[in-house]
Amino acid sequence: MQAVILAAGEGKRMRPLTYERPKVMLPIAGKPIIEHLLWEVKEVGINDFVFVVGYHDETIRDYFGKGERWDVTIQYVTQKTQLGTADALRRTEGLVEDKFLMLNGDTIVSAEDIRKVITDDTNISLGVIEVRNPEDYGVVETEGKKITKIHEKMKEPPSNSINAGVYLLNESIFKALSETDKSKRGEIELTDSLQLLIASGVDIFWREIEHWVDVSYPWDLLAANEFLIDKISPVNKGELEENVWIKGKVSIGEGTMIKSGSYIEGPAVIGENCVIGPNSYIRANTSIGANCHIGNAVEIKNSILMDNVKIPHQNYVGDSVIASRCNLGAGTKIANLRFDDAPVKAKGVDTGRRKLGAIISDGVKTGINACIDSGTVIGNNTLIGPGAFASGYIEENSRVY
């Protein structure tokens with residue numbers, strides 16, 4: 001069987017983190033979202049992949065190549081203009097054989113749940129899961145084991161059962177795709193194609209899945225990281241000086257140096273060629289990318305740092321996402337809690353998180369003793385001056401003094 005993974009979209013709700021990369025390449029627990037998905041698919045015995053790419057497709061192609069590192073085969077097709085999931089899948093016609101697995105590249109499901117869907121004796125099946133906020137997703141109506149109707153986002157959905165983006169499809173889908181018109185949202189949507197099949201008398205079955213991680217907004221990366229990082233295997237490929245404390249499951253990449261006086265609580269992931277310490281405190285659920293420098297008297301808690309980040313002097317970072325090439329000046333502090341203990345808002349959206357620091361995009365620099373308020377979102381290449389206070393939503397290329 002083959003697996004088609006849709007990975008062409010930007011993920012606009014993820015801005016500003018997606019200015020330089022597609023959503024599927026955002027890192028969680030040391031790997032891009034789509035890589036976690038690839039490993040789960042491979043675990044069920046599927047080694048033949050078709051990636052539908054588009055927005056910043058070079059980042060996916062350069063990272064995965066033809067799949068040799070994972071002992072899989074990857075073909076690519078390009079959706080130049082992101083016109084919807086049906087349009088994306090239509091690009092794979094002629095590359096896949098009856099039957100095939102299709103997945104949304106920005107969600108994470110378990111091998112166990114994928115196996116439930118693909119081992120079905122029926123021709124077309126969907127993974128379905130119950131959620132508390134079905135209005136944010138495509139909702140399904142069912143009768144017995146069959147799906148009778150699929151809705152896109154609704155203000156008052158008829159159930160809490162949603163389409164989880166795990167599909168067992170066959171070649172009949174391509175005829176339906178060719179007959180699908182644009183939706184009210186201006187996209188050609190796969191759910192409309194499936195509804196056409198249902199209307200024509202084709203049976204579409206549902207299978208309940210249990211493990212599903214959806215990542216819609218930047219702060220969702222933290223919840224996904226908390227979920228996945230606990231599954232890591234402890235490994236140390238780096239070098240530890242004397243008087244370094246490691247507690248719990250910690251993965252340390254090749255070429256990384258942990259200097260004296262540092263304390264690392266797992267689960268935590270530290271990438272290749274990093275310098276940590278001296279006297280750094282890395283707390284649980286922290287994921288640090290490659291080529292990062294975390295220096296003297298720096299505390300980092302429950303955060304995601306992408307590659308080439310420098311936080312070298314007496315800083316505090318809590319519950320934050322920091323993209324590549326950021327440099328925090330000495331004494332920069334990021335708040336992660338409101339005084340009234342209410343859920344933190346970011347870009348006017350209630351995140352549902354009691355603790356959330358900042359979402360900092362690529363190339364941001366801060367001066368000494370800068371302060372960043374909880375829920376602050378900072379666009380690319382912004383400069384926060386010495387002693388400045390940053391709060392709210394700050395556009396890319398801004399200057400805050």
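Lysines within cross-link reach of Lys99: Cα-Cα under 23 Å, excluding same-chain residues under 8 positions apart?
Lys42, Lys66, Lys116, Lys145, Lys146, Lys149, Lys175
Using Cα pairs closer than 8 Å and at least 6 residues apart in sequence, work out the relative contact order for the chain, in percent.
Across the chain, relative contact order equals 10 percent.
Taking the Cα centre of the chain as the origin, how large is its charge dipole in debye, to the nearest 20, when only Lys and Arg (+1) and Asp and Glu (-1) carry charge on their Cβ atoms?
Working: 45 positive and 56 negative charges, 236 e Å.
In debye, rounded to 20, the chain gives about 1140.
If you count, for each residue, the other Cβ atoms within 10 Å and average over each peptide, how do 140-147, 279-286 line up from highest to lowest?
Highest to lowest by the protection proxy: 279-286, 140-147.
Considering only Leu26, Tyr55, Leu95, whose Cα is most displaced toward the positive end of the charge dipole of the stretch 23-117, charges sitting on Cβ of Lys, Arg (+1) and Asp, Glu (-1)?
My answer, from the dipole projection, is Tyr55.
Please list 330-341, 26-37 highest first by mean number of surrounding beta-carbon atoms within 10 Å per residue.
Numbers: 330-341: 17.3, 26-37: 22.9.
Taking the mean over residues of other Cβ atoms within 10 Å, the ranking is 26-37, 330-341.
Sequence gap at least 6, Cα distance under 8 Å: using those rules, report the relative contact order of the stretch 227-400 to the nearest whole percent. The partial results should precede the final answer.
Numbers: 606 pairs, mean separation 20.4, N = 174.
In percent, rounded to a whole number, it is 12.
Can you pull the percent of Cα pairs in the chain with separation above 38 Å?
Working: 19047 of 80200 pairs.
Value for the chain: 24 percent of Cα pairs lie more than 38 Å apart.
Considering the Cα trace of the stretch 227-400, what is its radius of gyration and what is Dmax, both in angstroms?
15.5, 47
Across the stretch 227-400, how many lysine pairs, 8 or more positions apart or on different chains, have C-alpha atoms separated by under 12 Å? Please give the number. Mind showing how you got there, number by number?
Working: Lys231/Lys249; Lys301/Lys355; Lys310/Lys365; Lys345/Lys355.
Lysine pairs meeting the criterion: 4.
Among Glu40, Glu112, Glu299, which one shows the highest mean-square fluctuation when the chain is modelled as a Gaussian network with alpha-carbon springs under 10 Å?
The residue that fluctuates most here is Glu112.
Between Glu130 and Ser216, what length in nm is gained on full extension when 0.36 nm per residue of separation is reduced by their alpha carbon distance?
29.3 nm
Quick one: which of 253-262, 287-296 comes out on top by average Cβ neighbours within 10 Å, and what's the full order, highest first?
Working: 253-262: 18.6, 287-296: 22.4.
The most tightly packed comes first, giving 287-296, 253-262.
Write down the radius of gyration of the stretch 2-216 and its Dmax, each obtained from C-alpha positions, in Å.
Using the Cα atoms of the stretch 2-216, the pair Rg, Dmax is 16.1, 46 Å.
Which is farthest toward the positive dipole end of the chain among Gly144, Asn163, Ala388, measuring Cα position about the Cα centre, with Cβ charges +1 (Lys, Arg) and -1 (Asp, Glu)?
Ala388
Every number here is computed from the coordinates shown, using simple stated rules; none is lab data. Note that the structure is predicted; figures quoted are calculated from it, not measured. No Cβ is skipped: glycine too gets one built from the backbone with ideal geometry, and neighbour counts run over all protein chains shown.
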